[in-house]
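Some notes on the structure that comes next.
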Number of protein chains: 4
Amino acid sequence: MTNDAYTVAHLEADLRTFRDERDWAKFHDPKSLVLALVGEGGELAELFQWIPADEAQAEFSAGRRRERAAEEMADVLIYLVNLADVLGIDLVTSAREKMRVARERFPVERHRGTAPVKT
Amino acid sequence: MTNDAYTVAHLEADLRTFRDERDWAKFHDPKSLVLALVGEGGELAELFQWIPADEAQAEFSAGRRRERAAEEMADVLIYLVNLADVLGIDLVTSAREKMRVARERFPVERHRGTAPVKT
Amino acid sequence: MTNDAYTVAHLEADLRTFRDERDWAKFHDPKSLVLALVGEGGELAELFQWIPADEAQAEFSAGRRRERAAEEMADVLIYLVNLADVLGIDLVTSAREKMRVARERFPVERHRGTAPVKT
Amino acid sequence: MTNDAYTVAHLEADLRTFRDERDWAKFHDPKSLVLALVGEGGELAELFQWIPADEAQAEFSAGRRRERAAEEMADVLIYLVNLADVLGIDLVTSAREKMRVARERFPVERHRGTAPVKT
């Protein structure tokens, strides 16, 4: 690990310091944090809503729009990590495990090129 | 870096492999990924909706409920990282920067104990 | 029906006029409308996020907060009706049918006082 | 009013009966209802996530997919009306008022053909 590596574990520690310095732990019950998380997800959605689907990647890959998307995505991550802290969940390890399950659930030979459509 | 360290950068690499092995990049335009992200955020919300606010932390800090929350939170993170990959955004660094701004915007002396209520 | 009755059918007609006068139908593909809907749902969530659960009803039942909640709820309804229009769905009838199913799925004698918790 | 007219006011009355027969009012605090609402919004989003944007209207305008979309949209409306009931908000009138404001905010001559992009 190089000195400049900043991981989710570091972010979690920084968020805890930020929260506790302001005595904000009392606001961080799980339901409130989930509302904050979906609130930031909603702000992210609004950035994209009227952009034509086939232009969105180019529009948001540079400049002011990328910056705005990065800010809202950061906010989603921040509340996700705050919630993980409150519940004692190892977020990145959970995602690793989820992908292990997904590899078994969606074998390459059966799912190549086909979206797993929700019904 | 110890051998068991698994970071968001590793997750991003694993997600890319998973996606490309299945030829799913064509589904990963930004608007679709944001819909997937808010979809998982919605599933997370549903886990908590009818649990009394003051019981939620205890209810979701162990056992089956913690596991289910971890799964949905992992899904939110997975789509967040997929989107960051498509847009070329460094997610964790963006969160670090967001917190730097937040520390200036909410100075301790003025915001201790008071929620920054949205209006 | 009294003259002052304004129904979802009237709202749908007004939304169509509003959209077509501005030549905005081209933006109203279903994925864009769903992103707009969840965006407004997110703004609604943000209003409530840091309010203690047991104070929320009183806090939002009058004054500026009720007005803000009404605005965001109106926005959610507006995009819901726009989407219903695009897909040819009768929204209120669908809700009536959904409740008919819910009455069968959650018989009073078995569900009195117990939340149908999602797992 | 013809006999087959079923309005949001009727839906609100039916939802109240449904809720009170089951003694579920205790679960219907605003934060819980907002979590339920965004949960259903998330389920709606999931239906659309992997459908190509330019195929979504056709795909969801008939058959099983339209039915599923109608169900999730009905659920969003149901929680919106439950929340309106708890807060004493007249939902459809609020939407009518919101559109009055929108007509002034987005004059036809200045906004024809141009999306009001969020930044």
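Coordinate-derived values only; no laboratory data. Bear in mind the structure is a predicted one, so any value in this text is a computation, not a measurement. Quick reminder, even Gly has a Cβ in these numbers, built from the backbone with ideal geometry, and neighbours come from all protein chains shown.
Do you know which residues across the stretch A:46-56 are of a type outside the set (D, E), in contact with an Asp or Glu (Cβ under 9 Å, 6 or more places away or on another chain) and free of Cβ contacts under 8 Å to residues at least 12 places away in the same chain? Result: A:I51, A:P52, A:A53, A:A56. Of the helices (runs of 4 or more DSSP H) that lie entirely inside the stretch C:57-119, those containing 2 or more residues that are on the phi < 0 side of the Ramachandran plot, touching a residue at least 60 places away in the same chain (Cβ under 8 Å) and not small (G, A, S) span C:63-87, C:91-105. Taking the numbered list (1) among the aliphatic types (A, V, I, L, M); (2) closer than 28 Å to D:E71 by Cβ; (3) buried (at least 19 other Cβ atoms within 10 Å of the Cβ) in turn, A:A69 passes all entries but (2). Taking the stretch C:14-38 as the range and being farther than 15 Å from D:A102 by Cβ and either part of a helix (DSSP H, G or I) or under 17 Å from the mean Cα position of the chain (by Cα) (or both) as the test, the residues that pass are C:A25, C:K26, C:P30, C:K31, C:S32, C:L33, C:V34, C:L35, C:L37, C:V38.
Could you please let me know if D:E21 is away from chain B (no Cβ under 14 Å) and either without any contact (Cβ under 8 Å) to a residue 60 or more places away in the chain or of a type outside the set (D, E, K, R) (or both)? Here the answer is yes, as D:E21 does meet what is asked.
Quickly run through the stretch B:109-119 and pick out the residues that are within 14 Å of chain C (Cβ to nearest Cβ) and of a type in the set (K, R). Listed by number, the list holds a single entry, B:K118.
Going by the structure shown, is D:V76 buried (at least 16 other Cβ atoms within 10 Å of the Cβ) and within 21 Å of the chain's Cα centre (by Cα)? Yes, satisfied. Candidates in the stretch A:59-101 are the residues that are at the interface with chain B (Cβ under 7 Å from one of its Cβ atoms) and among the small types (G, A, S); of these, the one that is nearest to B:E59 (Cα to Cα) is A:G88.
The single condition among (1) surrounded by fewer than 17 Cβ atoms within 10 Å (Cβ to Cβ); (2) away from chain A (no Cβ under 14 Å); (3) within 22 Å of C:L44 (Cβ to Cβ) that D:F106 does not meet is (2).
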